[in-house]
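S.K.: I have a structure I would like to understand better, so I am pasting it below and will then ask my questions one at a time.
The values are calculated or read from the model by the stated rules, or taken from the named source; none is laboratory data. Just so it is clear, the structure is predicted and the values come from calculations on it, not from any experiment. We place every Cβ from the backbone using ideal geometry, glycine too, and count neighbours over all the protein chains shown.
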Amino acid sequence: MGWLVVVLLAAVWGSILLPGAVRDRRASSPLESISAFERSMSMLAPPRTVERLPSRPVLVLADPARVTGSRNRARIRARRRAALARLSVATGVAAVLALIVGGVFTVAFVVSVGALLGYVGLLRRSTARAAEARAKTRMLRPPAAPPVAAGDAEPLRRYGT
């Protein structure tokens, strides 16, 4: 009977942890980790004043939303929703087994309820951080393109126009 409980708990935890680990392994690329590192470092750097030099070109993205896009956020939301559903199902199964069999399944139920409440708390904290970040930041407009001499198309390409 004891090995059955261990197998059931391993199956529940495997169904919760393995899909996310496999998905992250497939979707990871060096470019994502580099950009995440650069974002982290830019948040740590002290603000600096920028001098505008007319001879130095500034590269500006034509469409910044294409780079940051909402696809990543949608995937994160879907992954979190799936994890919450798995934890809820695991808690429900543990509750049914605790009512029918009792014993060790009661402990499994208490642990799964604790895990579910902890995960909901993490989701609430993440939502609060995102709301705080939206309240404290604003989008910057790209600088205006400098005047272009007739026949000179290179500055237009640099500024994305």
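S.K.: Which condition number does Leu99 fail, the rest of (1) out of contact with any Lys or Arg (no Cβ under 6 Å at 6 or more places or on another chain); (2) modelled with pLDDT under 90 being met?
M.R.: Result: Leu99 passes all but (2).
S.K.: In addition: Only one residue in Arg73, Arg80 is at pLDDT below 90, surrounded by 11 or more Cβ atoms within 10 Å (Cβ to Cβ), part of a helix (DSSP H, G or I) and among the charged types (D, E, K, R). Which one?
M.R.: Arg73
One line per residue, one yes/no per condition, for (1) basic (Lys, Arg); (2) at pLDDT below 90; (3) part of a helix (DSSP H, G or I):
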residue: Arg48; (1), (2), (3): yes, yes, no
residue: Arg56; (1), (2), (3): yes, yes, no
residue: Val60; (1), (2), (3): no, yes, no
residue: Leu84; (1), (2), (3): no, no, yes
residue: Thr91; (1), (2), (3): no, no, yes
residue: Val107; (1), (2), (3): no, no, yes
residue: Ser112; (1), (2), (3): no, no, yes
residue: Gly121; (1), (2), (3): no, no, yes
residue: Arg125; (1), (2), (3): yes, no, yes
